[in-house]
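Here's the structure we're looking at; comments come further down.
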Amino acid sequence: MPLKDWTCAACGGTGDLLLMQEAGPACMACAALDHLVFLPRGDAGLTRRAHKASELSAVVVRFSRTRKRYERQGLLVEPAAMAAAKQRD
Ligand SMILES: [Zn+2]
């Protein structure tokens, strides 16, 4: 999760999330992650099940200026994995 305005190094776009790559920040579309859905942290069981069911997943972090470290905000998972994880609640 970016703290400031940013521009995708590949397409010049921007967004709520970015992936840092060698060439610079990439938007979710250019990182081929735009089909994933965001699962906020807080429900450990749901997160664990969704993570397990999702072939592709990504941890979402945000830099905390006060704590001076990256903090986990949630997980990006495949929509089907999210649905499967919720069904077993
Ligand atoms: Zn892009």
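The values are calculated or read from the model by the stated rules, or taken from the named source; none is laboratory data. Predicted model only: the values in this text are computed from it and were never measured. In this analysis, Cβ positions are derived from the backbone assuming ideal geometry, glycine residues included, and neighbour counts consider all displayed protein chains. To get the accessible areas, we keep the full protein, side chains included, count just its heavy atoms, and leave off ligands, DNA and RNA. Shrake-Rupley method; radii C 1.70, N 1.55, O 1.52, S 1.80 Å.
Could you list all residues from segment 18-49 that are over 24 Å from R69 (Cβ atoms), surrounded by 15 or more Cβ atoms within 10 Å (Cβ to Cβ) and within 11 Å of the ligand (Cβ to nearest atom)? C27, C30, listed by residue number.
If the condition is being more than 9 Å from the ligand (Cβ to nearest atom) and open to solvent by less than 60 Å² (accessible area, probe 1.4 Å), then segment 4-17 contributes W6, L17. Pairs meeting the criteria (first residue in segment 54-69 and closer than 16 Å to G15 by Cα, second residue polar (S, T, N, Q) and open to solvent by less than 90 Å² (accessible area, probe 1.4 Å), beta carbons under 9 Å, at least 6 apart or on different chains) are V60/Q73; V61/Q73; R62/Q73. Condition (residue is of a type outside the set (G, A, S) and over 22 Å from R72 (Cβ atoms)) applied to segment 20-33: is it met by at least one residue? Within segment 20-33, one or more residues are of a type outside the set (G, A, S) and over 22 Å from R72 (Cβ atoms).
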